[in-house]
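Enquirer: This structure is in structure tokens; I'll ask about it shortly.
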Amino acid sequence: MVRVSKAVALGVMMLLPMVGHTDDKDVVEYRQHIMKSLEQQTAALGQILSGAGPTENTVAHMQTLALTASIALKSFEPKVPGGAAKPEVWKDWAEFSKRMKDFADKSAEMAKIAREQGADQAALHVIEALPCKGCHDVYRDEKKI
């Protein structure tokens, strides 16, 4: 038993230098996961609002989308080029980060309305809360998707 716990302790100690270490590939991959989550939640919400998905999940999708939007900007902060992100993301960081914060704020407001007033009221704010195309036109390289 003592031998096993020493082995575990040694293994943990060997891994400690790697904790928190990421390379550029990891940064880009993480960012892609976050953006893919936003894409998937937006698609699910679109299905629901078009009548093709279960309406009882509307609020949950709005909340998940808002939570993911709130952490999306952080995934770009290492300022590592790659994936479908155009260099303009970092060249025009002030405008890009403003747009991402606005997206996070508006999706949070939509989710709040959904919780407090219901999905039907929140659905009135979907277009304003999801300005994806405006950012994608400037900051996303569609050929790299």
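The values are calculated or read from the model by the stated rules, or taken from the named source; none is laboratory data. Predicted model only: the values in this text are computed from it and were never measured. A quick note on method: Cβ atoms are made from the backbone with ideal geometry, for glycine too, and the neighbour counts reach across all protein chains shown.
Enquirer: Among the numbered conditions (1) part of a helix (DSSP H, G or I); (2) under 30 Å from residue 24 (Cβ atoms), tell me where residue 80 comes up short.
Expert: If we test residue 80 against (1) part of a helix (DSSP H, G or I); (2) under 30 Å from residue 24 (Cβ atoms), just (1) comes out false.
Enquirer: Being over 9 Å from the mean Cα position of the chain (by Cα) and surrounded by 15 or more Cβ atoms within 10 Å (Cβ to Cβ) is the filter here; which residues of region 33-47 pass it?
Expert: Scanning region 33-47 gives 41, 42, 44, 45.
Enquirer: Still on this structure, I have one more. Return yes or no: is residue 53 under 22 Å from residue 115 (Cβ atoms) and modelled with pLDDT under 95?
Expert: Details: under 22 Å from residue 115 (Cβ atoms): yes; modelled with pLDDT under 95: yes.
Spelling it out, residue 53 is indeed under 22 Å from residue 115 (Cβ atoms) and modelled with pLDDT under 95.
Enquirer: Could you list, in sequence order, all residues of region 48-58 that are surrounded by 14 or more Cβ atoms within 10 Å (Cβ to Cβ) and farther than 15 Å from residue 129 by Cβ?
Expert: Listed by number, the residues that qualify are 53, 57.
Enquirer: Under 7 Å by Cβ, and 6 or more places apart or on different chains, what pairs join a residue from region 99-118 that is within 20 Å of residue 137 (Cα to Cα) and of a type outside the set (D, E, K, R) with one that is surrounded by fewer than 18 Cβ atoms within 10 Å (Cβ to Cβ) and at pLDDT below 95?
Expert: 103/131
Enquirer: Of all residues in region 59-75 being of a type outside the set (Val, Ile, Thr), farther than 12 Å from residue 106 by Cα and in contact with a helix residue (DSSP H, G or I) (Cβ under 6 Å, 6 or more places away or on another chain), which is surrounded by the most Cβ atoms within 10 Å (Cβ to Cβ)?
Expert: The qualifying residue surrounded by the most Cβ atoms within 10 Å (Cβ to Cβ) is 61.
Enquirer: Same structure, new question: Taking region 83-98 as the region of interest, how many residues are in contact (Cβ under 8 Å) with a residue 60 or more places away in the chain and part of a helix (DSSP H, G or I)?
Expert: The total comes to 0.
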